[in-house]
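What follows is a set of notes on a single structure, which appears directly below.
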Amino acid sequence: MAGAMGTMYLQNDFRSKKREVFEDILEERRQSSDLCYAMKCYTPVIYKNLTPCKPSAIKSIVLASSQLQYVIKQISLESGESSEIIQEQAAEILDEMAHNLHMGAIRLFAMSLSKIFKRLFQKVCVNEEGIHRLTQAIQEHPVVLLPSHRSYIDFLMMSYILYTYDLALPVIAAGMDFMGMKIVGELLRMSGAFFMRRTFRGNKLYWAVFAEYVKTILRNGHAPVEFFVEGQRSRTCKTLNPKLGLLNVAMEPFFKGEVFDTYLVPVSISYERILEESLYAHELLGVPKPKESTSGLIKARKLLNDNFGSIHVYFGQPMSLRSLTSGRINRSQYNLIPRHLSQRPSEAMLTFVRDIAHHVELHQIANMVLSPGVLIATILLQNLPVINYDVLVEKTLWLKDLTESFGGCLDWPEEIYKSFKFLRSVFTKEFIFFPDFEEKDFEEGCFLLTKCDIIHLTPLEIIVTEKGANGALFLSRMFQPFLEGYQLACLYLAKEVFETFTEKQYVSGLRSFISQRIVGGVTKCYEALSSDMQKNTLSSFVQVGIVKVIKSATETNFLVDQRSIRETAENLGLQMIKEKLPTARL
């Protein structure tokens with residue numbers, strides 16, 4: 001693994017040579033029990049198959065370490081206080097700081113986060129090859145996880161992913177702000193968080209306890225250590241300049257020969273939307289950052305009704321510290337003095353740590369995954385206040401090609417087959433489909449269109465031929481009334497209905513809603529006035545699970561899932577026929 005690192009400063013290192021396969025870990029969660037997931041047999045692989053070390057044992061090792069004892073004696077000589085009193089102060093600092101990993105809290109978070117993430121996100125995609133590399137790395141040497149930092153979700157997501165793949169949960173550096181949150185702070189501590197003050201310059205004892213705590217975990221290798229090189233969340237989604245203190249501490253056990261090697265693993269976390277987008281906008285306009293609190297977290301539950309798209313988490317190639325220092329750092333300088341004595345890093349060492357931090361951040365940037373929405377927003381921001389739709393499509397596709405030419409990674413949806421499956425599921429009451437034959441139906445449709453020279457197939461794209469453009473547009477318009485009629489039904493349910501209703505109330509209300517839109521010139525879809533289509537829409541929405549049936553002894557009522565009906569309305573709108581039929585990806 002170390003040999004795969006190559007030369008440190010080659011720019012090509014920061015460009016992905018191949019795109020790895022991502023797995024949506026929420027897909028299984030949507031199909032099975034969250035309780036069973038939380039209570040699963042969890043036997044994570046750890047460093048050299050060691051027995052996990054209890055939090056209390058880690059504290060004892062830190063307090064008894066020769067490094068900390070030396071600092072305590074030095075402070076005692078300087079201040080005149082007894083070593084016993086300073087030892088007690090060190091123990092208090094450690095109690096305030098240290099994690100208290102507890103399986104009950106982990107399982108509670110596993111179940112809670114599953115339910116929350118399924119509400120917030122469409123997908124959480126993880127590169128499986130990165131997980132395989134991390135699994136191997138954890139068993140060989142101490143591991144430091146270095147994720148990008150854009151949201152509070154970052155550290156929760158990291159632990160959730162490692163639990164999903166049966167990997168040792170990381171010990172995570174967290175700010176003291178979280179410790180002050182009632183109940184939540186203690187739950188975070190029991191899930192692996194250790195709390196550090198934002199600044200402790202001049203406090204020699206605190207720094208000694210903190211540094212020794214981190215190094216003890218790394219030396220013993222009982223769990224990966226996780227922290228953010230940026231030091232804090234980026235409010236602009238741009239990568240911040242790195243902070244070097246904690247990275248310097250994490251490297252010291254290797255420099256002093258206390259471990260054979262250490263793996264640094266850059267992790268890129270890409271969001272379509274971040275939960276704090278509104279909060280960041282206010283902060284950037286000068287509004288003070290609100291203090292983290294449990295009450296604030298409870299108030300934020302309204303976010304569960306919103307859709308934040310997909311997350312891509314890319315675990316990069318583990319970077320061997322031994323390989324990176326080869327030919328650059330002479331570690332013999334650490335052999336000249338006892339290990340328990342602190343040593344001021346040389347200029348060469350400081351430069352090396354700085355370069356590694358930038359190296360990590362460049363890898364994080366290179367492996368970010370961009371969504372179509374990011375490209376569209378970029379084009380819109382350069383063309384305010386208005387842009388023609390066709391021009392927007394053209395410029396977005398141009399930017400897509402440019403991004404890929406620069407080596408960027410895009411999450412470009414497999415739009416044709418995905419749209420086909422979506423429409424097939426919605427229109428099951430309008431057309432006859434053989435159950436569970438989606439792929440066969442899609443392939444047969446492509447074959448017939450190719451045979452008629454309406455489309456041309458490539459391994460990645462479906463291209464409407466020049467000769468077949470009129471035929472494609474004619475066939476598309478055949479489905480326009482169904483698309484628009486079903487979208488009108490969705491809009492009615494999303495805008496007009498918030499309580500239970502009967503089928504009779506639904507048909508009557510929908511007909512009135514559509515009539516008003518026709519009279520107002522909003523639509524010309526007269527087919528949507530058909531009671532047959534209206535009843536079919538309700539039956540279809542029940543079948544796909546966005547309308548729930550509530551039966552009683554006297555009548556049958558229906559209840560709408562407002563979030564799902566809005567998403568369906570949006571998806572149907574995206575399928576509406578355009579006069580120009582562009583090339584589309586399979």
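The Kirkwood radius of the stretch 476-586, taken over pairs of alpha-carbon atoms, gives through the Stokes-Einstein law at 4 °C and 1.567 mPa s a diffusion coefficient of 88 µm² s⁻¹. Straight-line cross-link partners of residue 40 among the lysines, defined as a Cα under 26 Å from its Cα and at least 8 positions apart when in the same chain: 48, 54, 115, 118, 123.
Expressed as an acute angle from 0 to 90° and rounded to the nearest 10, what is the orientation of the C-alpha long axis of helix 389-405 relative to the principal long axis of the chain? For 389-405 against the chain, the angle is about 40 degrees. A straight line joining the Cα centroids of the stretch 388-418 and the stretch 68-103 runs 57 Å.
Given R0 = 41 Å, the distance between the Cβ atoms of residue 527 and residue 30 translates into a calculated FRET efficiency of 0.75.
Using a simple spin-label model with pseudo-atoms 7 Å out from Cα toward Cβ, residue 467 and residue 505 lie 5.7 nm apart. Net charge dipole, the chain: roughly 860 debye, given to the nearest 20, about the Cα centre with Cβ charges of +1 for Lys and Arg and -1 for Asp and Glu.
I'd like the FRET efficiency for residue 549 and residue 444, computed as 1/(1 + (r/R0)^6) with the beta carbon distance as r and R0 of 35 Å, rounded to 0.05.
Numbers: r = 33 Å, r/R0 = 0.95.
Calculated transfer efficiency: 0.55.
Convex hull volume per residue, computed on the Cα atoms of the chain, equals 198 Å³.
Label positions at residue 377 and residue 394, each projected 7 Å from the Cα along the C-beta direction, are separated by 2.6 nm. Report the one residue of 428, 99, 142 whose Cα lies farthest in the direction of the positive end of the charge dipole of the chain (charges on C-beta: Lys and Arg +1, Asp and Glu -1; origin at the Cα centre). Selected residue: 99. Think of the chain as a dipole: +1 on every Lys or Arg Cβ, -1 on every Asp or Glu Cβ, centred on the Cα centre; then among 74, 333, 61, 74 lies furthest on the positive end.
Only helical runs count toward this figure. For the chain, summing -39,500 (n - 2.57) over DSSP H runs of n ≥ 4 and dividing by all residues gives -15500 deg cm²/dmol at 222 nm. Think of each Lys and Arg Cβ as +1 and each Asp and Glu Cβ as -1; about the Cα centre, that makes the dipole of the stretch 123-182 roughly 220 debye. A DSSP coil position with no more than 11 other Cβ atoms inside 10 Å describes the following chymotrypsin sites (Phe, Trp or Tyr not before Pro) in the stretch 376-439: 406, 431. For trypsin sites (Lys or Arg not before Pro), the sites in the stretch 263-349 that DSSP calls loop and that have at most 13 other Cβ atoms within 10 Å are 291, 328.
Relative contact order of the stretch 163-249, please, whole-number percent, based on alpha carbon pairs below 8 angstrom and at least 6 residues apart. Present the calculation step by step, with values, prior to reporting the outcome.
Values: 75 pairs, mean separation 25.8, N = 87.
Relative contact order comes out at 30 percent.
When DSSP beta bridges are restricted to pairs lying wholly in the chain, around 50% turn out antiparallel. Straight-line reach from residue 535: taking Cα to Cα under 18 Å and skipping same-chain neighbours fewer than 8 places apart, the lysines in range are 429, 504, 548, 551. Counting Cα-Cα pairs of the stretch 366-493 in 10 Å increments starting at 0 gives whole-percent bin shares of 10, 28, 35, 23, 4.
Given a 1.4 angstrom probe, I'd like the percentage of the accessible area of the chain that is carbon and sulfur, rounded to a whole number. That fraction is 57 percent.
The mean sequence separation of alpha-carbon pairs under 8 Å and at least six residues apart, normalised by the residue count of the chain, gives a relative contact order of 15 percent. In this entry, the stretch 298-399 is assigned a mean projected area of 13.5 nm², taken as a quarter of its C-alpha convex hull surface.
What do you get for GluC sites (Glu not before Pro) in the stretch 513-573 restricted to DSSP loop and a cutoff of at most 11 other Cβ within 10 Å of the site's Cβ? Could the numbers behind the result be given before it?
Numbers: sites: 527, 555, 567, 570; in loops: 555.
For GluC sites (Glu not before Pro) across the stretch 513-573 that sit outside H, G, I, E and B with at most 11 neighbouring Cβ atoms in 10 Å, the list reads 555.
Does anyone have the angle between helix 347-366 and the longest principal axis of the chain? Alpha-carbon axes, 0 to 90°, nearest 10? Approximately 10 degrees, to the nearest ten.
What's the center-to-center distance, using Cα atoms, between the stretch 201-251 and the stretch 467-543 in Å? So the separation of the two Cα centres works out to 57 Å. What angle do you read, to the nearest 10 degrees and between 0 and 90, between the alpha-carbon axis of helix 372-381 and the longest principal axis of the chain? Tilt of helix 372-381: around 90 degrees.
The values are calculated or read from the model by the stated rules, or taken from the named source; none is laboratory data. Since the model is a prediction, treat every value here as computed from it, not as a measurement. Because the Cβ atoms are built from the backbone with ideal geometry, glycine has one as well, and the counts that use them run over all protein chains shown. These accessible areas exclude ligands, DNA and RNA; they are computed on the full protein's heavy atoms, side chains included. Shrake-Rupley method; radii C 1.70, N 1.55, O 1.52, S 1.80 Å.
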